[in-house]
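Participant: Have a look at this one before I ask anything.
What follows draws every value from the coordinates through simple rules; no lab data is involved. Worth saying up front: this structure is predicted, and the values here are computed from it rather than measured. Here the Cβ positions follow ideal geometry from the backbone for every residue, glycine too, while neighbour counts run over all protein chains shown.
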2 protein chains.
Amino acid sequence: MMTIEFPDKFVALFRSDLGLTVEEYALFTSHFHKEFVGKKQHYLREGDFNTLKAYVTKGCSRNYIIDETGKEKTLFFCFEDWWLGDIESFLTGKPCKQYVQAIEDMELLCITKADFYKLGERIPRLMSWFNTKIQKTHFATMHRLMEAKCSQPEEQYLSLLEKQPDIYQRVPLQYIASYMNIEPQSLSRLRKRLTQK
Amino acid sequence: MMTIEFPDKFVALFRSDLGLTVEEYALFTSHFHKEFVGKKQHYLREGDFNTLKAYVTKGCSRNYIIDETGKEKTLFFCFEDWWLGDIESFLTGKPCKQYVQAIEDMELLCITKADFYKLGERIPRLMSWFNTKIQKTHFATMHRLMEAKCSQPEEQYLSLLEKQPDIYQRVPLQYIASYMNIEPQSLSRLRKRLTQK
DNA sequence: CAAAACACTTAACCTGGGTTAAAAACTATT
DNA sequence: AATAGTTTTTAACCCAGGTTAAGTGTTTTG
């Protein structure tokens, strides 16, 4: 079995922050395996079952859904040191509603749901970390809903440019438009308006 | 101390569904008190601290935020047998971002956060119920985000009319418009268009 | 009961994003 | 380097919803 390298942030999270012992940490990490998802490939599609917890070590992706008219609607992006997947499917065991597609070649560290829950029984802290993570994810989703309800395309573009300027280097414009709920043409037009000011 | 009447659904939830013993249930419910919120009064405002778990026995309300331009944006409504409040503030102990306003006179059954967590230690099932509830709330918020991203005002109006026809009797049109992210005038116009068909 | 406050509707005008289609600018592939 | 494929830009036209404002209907309250 080949040794996996775990990123600094991963180690810090479970060793320093969560305070797992060396033994607990070793046990936990021994259950991980590597996966790769090529650019434009799907990690999950609607109807799939999300049975892995996946930590992103390289690349980025987007979660999207397809509406009744066949249009893709990007819900959010995922970058290094985030966890990837469709939480609802992971937690309920039901099929995914979302698509998860790599925007760049991705490298993942994965543990199966079964292994994770088994370890959760032996390492209670792992379970409480997970519960806290679900809470934080919920807050993030709520903030996203608030943003979606409040902000005009123009402010949304500018605030994204401020918070995550690198996103425009890494993520094609069409996906950002879909995240902002407008057509690529409209985002292009909006940018033109902004540069003319 | 006066006796509080707990609604059937409340009893079913904690006795049948969750399986609390008679003693546990008695202990749990002994910590509740009643509260009233008059129509248009606020149960919570932005900046307040949400320190109560509140079960709605009568009336309905809306959670909303105010955007930079001063406009109210309704995130969701709350009816009988739902839990009321700003979960993020409850869980983090930080000030609310949301306003919670009664649409009709409301009657609530409340337990303090401190009491709830103390009981959670003695009755582990209570805690695991709560964790599951947070998960479900997260799914609901995610579905709301998906809906907000996908649906056109017209379909949103019609699907709401189908799912919860009583909402139009109980909730003023302006709040439904705000929930749908359009102006009251536009909803009025939309309804006219629909009746003309 | 009348006045005031609130809720809903209607209409005219305006604007920003959708739609369609084509061109231009990149990327990837042979 | 040439070709094909993809992504982004541009332009013209259209339309749904925003804005403003006025009018009608319905509660609430002194």
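Participant: Given the criteria touching a strand residue (DSSP E or B) at 6+ places or on another chain (Cβ under 8 Å), at the interface with another protein chain (Cβ under 9 Å from one of its Cβ atoms), assigned to a loop (DSSP other than H, G, I, E, B) and buried (at least 16 other Cβ atoms within 10 Å of the Cβ), does B:Lys73 qualify?
Facilitator: Answer is no for this residue.
Participant: Among the residues of region B:35-44, is there at least one that is more than 16 Å from DNA strand D (Cβ to nearest atom) and buried (at least 16 other Cβ atoms within 10 Å of the Cβ)? Write out each step before concluding.
Facilitator: Keep residues of region B:35-44 that are more than 16 Å from DNA strand D (Cβ to nearest atom), which gives B:35, B:43-44.
Remaining after also requiring buried (at least 16 other Cβ atoms within 10 Å of the Cβ): B:43-44.
Yes - at least one qualifying residue is present in region B:35-44.
Participant: So, B:Thr132, is that one within 16 Å of B:Leu75 (Cβ to Cβ), in a helix (DSSP H, G or I) and facing another protein chain (nearest Cβ under 10 Å) or not?
Facilitator: no
Participant: Determine the pairs where a residue that is basic (Lys, Arg), located within region A:122-141, has a partner that is surrounded by 13 or more Cβ atoms within 10 Å (Cβ to Cβ) with Cβ atoms under 7 Å apart, the partner being 6 or more residues away or on another chain.
Facilitator: From region A:122-141, the pairs are A:Arg125/A:Leu18; A:Arg125/A:Leu20.
Participant: Quick one: is A:Tyr179 out of contact with any His (no Cβ under 8 Å at 6 or more places or on another chain) and away from DNA strand D (no atom under 16 Å from the Cβ)?
Facilitator: Spelling it out, it is not the case that A:Tyr179 is out of contact with any His (no Cβ under 8 Å at 6 or more places or on another chain) and away from DNA strand D (no atom under 16 Å from the Cβ).
Participant: Turning to a different aspect of this structure: Could you look through region A:23-70, keep only residues that are of a type in the set (Asp, Glu) and part of a loop (DSSP other than H, G, I, E, B), and pick out the one that is nearest to A:Leu91 (Cα to Cα)?
Facilitator: A:Asp48
Participant: Kindly provide the set of residues from region B:94-137 that are of a type in the set (Gly, Ala, Ser) and surrounded by 14 or more Cβ atoms within 10 Å (Cβ to Cβ), ordered by number. Can you show your working first?
Facilitator: Step one: filter region B:94-137 for residues of a type in the set (Gly, Ala, Ser), giving B:102, B:114, B:120, B:128.
Listed by number, the residues that qualify are B:Ala102, B:Gly120.
Participant: Quick one: A:Ser151 ticks every box in (1) touching a strand residue (DSSP E or B) at 6+ places or on another chain (Cβ under 6 Å); (2) more than 15 Å from B:His143 (Cα to Cα) bar one, so which box is it?
Facilitator: Single failed check for A:Ser151: (1).
Participant: Kindly indicate the residue of region A:138-153 that is more than 7 Å from chain B (Cβ to nearest Cβ) and under 19 Å from B:Glu183 (Cβ atoms) and also surrounded by the most Cβ atoms within 10 Å (Cβ to Cβ) among those meeting that condition. Write out each step before concluding.
Facilitator: Within region A:138-153, the first condition is being more than 7 Å from chain B (Cβ to nearest Cβ), and the residues that meet it are A:140, A:143, A:147, A:151-153.
Going one step further and asking which of them are under 19 Å from B:Glu183 (Cβ atoms), we end up with A:151-153.
Details: A:Ser151: 17, A:Gln152: 13, A:Pro153: 14.
The qualifying residue surrounded by the most Cβ atoms within 10 Å (Cβ to Cβ) is A:Ser151.
Each row is one residue, and each column tells you yes or no for (1) closer than 30 Å to B:Thr21 by Cα; (2) within 11 Å of DNA strand C (Cβ to nearest atom); (3) free of Cβ contacts under 8 Å to residues at least 12 places away in the same chain.
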position: B:Phe116; (1), (2), (3): yes, no, no
position: B:Gly120; (1), (2), (3): yes, no, yes
position: B:Arg144; (1), (2), (3): no, no, no
position: B:Gln156; (1), (2), (3): no, no, no
position: B:Tyr168; (1), (2), (3): no, yes, yes
position: B:Ile176; (1), (2), (3): no, yes, no
position: B:Tyr179; (1), (2), (3): no, no, no
position: B:Lys192; (1), (2), (3): no, yes, yes
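Participant: Also: Among what's in region A:154-175 and is more than 14 Å from every other protein chain (Cβ to nearest Cβ), within 13 Å of DNA strand D (Cβ to nearest atom) and within 20 Å of A:Gly59 (Cα to Cα), pick the residue that is surrounded by the most Cβ atoms within 10 Å (Cβ to Cβ). Spell out the reasoning first.
Facilitator: Taking region A:154-175 and keeping what is more than 14 Å from every other protein chain (Cβ to nearest Cβ), we get A:157, A:160-174.
Pick out the ones that are also within 13 Å of DNA strand D (Cβ to nearest atom) and you get A:157, A:167-174.
Retained after the next criterion (residues that are within 20 Å of A:Gly59 (Cα to Cα)): A:167-174.
Details: A:Ile167: 16, A:Tyr168: 14, A:Gln169: 7, A:Arg170: 13, A:Val171: 21, A:Pro172: 12, A:Leu173: 12, A:Gln174: 15.
The extreme case among them is A:Val171.
Participant: Which condition does B:Glu23 not pass, out of (1) more than 16 Å from DNA strand C (Cβ to nearest atom); (2) within 26 Å of B:Val100 (Cα to Cα), if it passes all the others?
Facilitator: (2) is the only condition that B:Glu23 fails.
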